[in-house]
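Novice: The structure is given below, and queries will be raised subsequently.
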Amino acid sequence: MGKQYTEITEPLKEFIARQKIFFVGTATDSSRVNISPKGMDSLRVLDANRVIWLNVTGSGNETAAHLQTHPRMTVMFAAFEGAPMILRLYGSAKAIHQSDVQWRELYGNFPPNPGARQIFELQVDLVQTSCGMAVPFFDYVEEREQLNQWAVKKGDEGIREYWRDRNQVSLDGVSTGMADKL
C-alpha cells in the first residue's frame, strides 16, 4: 500500500497540483504539535526536493515559532476525489519574510495576496504515500474570500500592526521571529 521515495516524482507533483487543501505539521520538543489546514492556491513544487508555500496572516503563527528551534515540517495531502491516497512530504523548513532577499523571487510564484506573511521553504528528504482508503469523498465548491477581504480592509500598515500585536509568540510562548523581520 504505502511507498517511500527520496524525491517528489512527476505523478506525485501532478497529484499535489490538483489538491485544493493541504495540512502542515510542526512542533518543538516541548510545544504542542500544530497542524494547520492551508488552501488558497498557496503551494508550489519547485523541484523534486523543494516545496514552497505562501503563509497568509492568521490568528496564530505557530509554524514560524516552531521553526526557530526545530526546522522539521511535514506537509500532508489527502485525495478527496478520485483514487484514494495520502501523501506526506517530510523535511527541514525555514521561514522567508518580506524583508528577506529571497522574498521577491519566491513570492513571484504565487498570485498576489494582500495578507501574505511568510513563505515557508521545505527541503524534502522523504516522500511517503499511503492508501487513504478511509478518507471520504468531498466535493470542492469554491475558495473562501473572507480572509483576503479582511486583509484588504486592514491595509498594509494594519496588517503589520496585527503582526506586531498578535503574531509575535506561539501558544507556548515561543518567539515567531516576526519582530526582527518587520
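The values are calculated or read from the model by the stated rules, or taken from the named source; none is laboratory data. This structure is a prediction, so every number in the text was calculated from the model and none was measured. Note that each Cβ is placed from the backbone with ideal geometry, even for glycine, and that neighbours are counted across all protein chains shown. Only protein heavy atoms, including side chains, enter the accessible area calculation; ligands, DNA and RNA are left aside. Shrake-Rupley method; radii C 1.70, N 1.55, O 1.52, S 1.80 Å.
Novice: Please give the per residue accessible area of the chain, computed with a probe of 1.4 Å over protein heavy atoms only, in Å².
Specialist: I get 56 Å² per residue for the chain.
Novice: Stretch residue 156-residue 125 to full length: gain in nm at 0.36 nm per residue minus the Cα-Cα span?
Specialist: 7.6 nm
Novice: Also, quick follow-up: I need the Kirkwood Rh of segment 109-152: take the reciprocal of the average 1/r across all distinct C-alpha pairs and report it in angstrom.
Specialist: It works out to 14.8 Å.
Novice: I would also like to ask the following. Show me, for segment 86-100, the HN-Hα J-couplings you get by feeding each phi into the Karplus relation (A = 6.51, B = -1.76, C = 1.60, θ = phi - 60°), rounded to Hz, glycine and proline as x.
Specialist: 10, 10, 10, 10, 10, x, 10, 10, 9, 8, 10, 9, 4, 7, 7
Novice: While we're looking at this one, here's another question. Going Cα to Cα from residue 181, which aspartates and glutamates come in below 17 Å? Please leave out same-chain ones fewer than 8 positions away.
Specialist: Answer for residue 181, where 17 Å is the Cα cut-off: 62, 100, 121, 156, 157, 161, 165, listed by chain and number.
Novice: Evaluated at 10 °C with a viscosity of 1.306 mPa s, what Stokes-Einstein diffusion coefficient in µm²/s does segment 88-182 have when Rh comes from the Kirkwood expression over alpha-carbon pairs?
Specialist: 97 µm²/s
Novice: If you stretched the chain out fully between residue 171 and residue 23, how much longer would it get, using 0.36 nm times the residue separation minus the C-alpha to C-alpha distance?
Specialist: Between residue 171 and residue 23, full extension yields 51.4 nm more.
Novice: Around residue 37, with a cut-off of 12 angstrom between Cβ atoms, what is the net charge of the other residues, counting Lys and Arg +1 and Asp and Glu -1?
Specialist: Value of the local net charge: +3.
Novice: Continuing with the same structure: Expressed as a whole number of Å, what is the distance separating the alpha-carbon centroids of segment 89-148 and segment 22-73?
Specialist: Answer, in whole Å: 8.
Novice: Per 5 Å bin, what percent of the C-alpha pairs of segment 1-122 does each bin hold, from zero upward?
Specialist: Bins of 5 Å from zero give 2, 10, 22, 24, 21, 13, 6, 1, 0 percent of pairs.
Novice: At 222 nm, what value in deg cm²/dmol follows for the chain if DSSP H runs of at least 4 each add -39500 (n - 2.57) and the sum is divided by all its residues, to the nearest 500?
Specialist: For the chain, the value works out to -6500 deg cm²/dmol.
Novice: Given a 1.4 angstrom probe, I'd like the percentage of the accessible area of the chain that is carbon and sulfur, rounded to a whole number.
Specialist: 52 percent
Novice: In debye to the nearest 20, how big a dipole does the chain give about its Cα centre with +1 on each Lys and Arg Cβ and -1 on each Asp and Glu Cβ?
Specialist: Roughly 160 debye for the chain.
Novice: Turning to a different aspect of this structure: Compute the Kirkwood hydrodynamic radius of segment 127-182, taking the inverse of the mean of 1/r over all pairs of distinct Cα atoms, and give it in Å to one decimal.
Specialist: Kirkwood radius, segment 127-182: 15.1 Å.
Novice: How would you order 42-54, 157-169 from highest to lowest mean count of nearby Cβ atoms within 10 Å?
Specialist: So the order, starting with the most tightly packed, is 42-54, 157-169.
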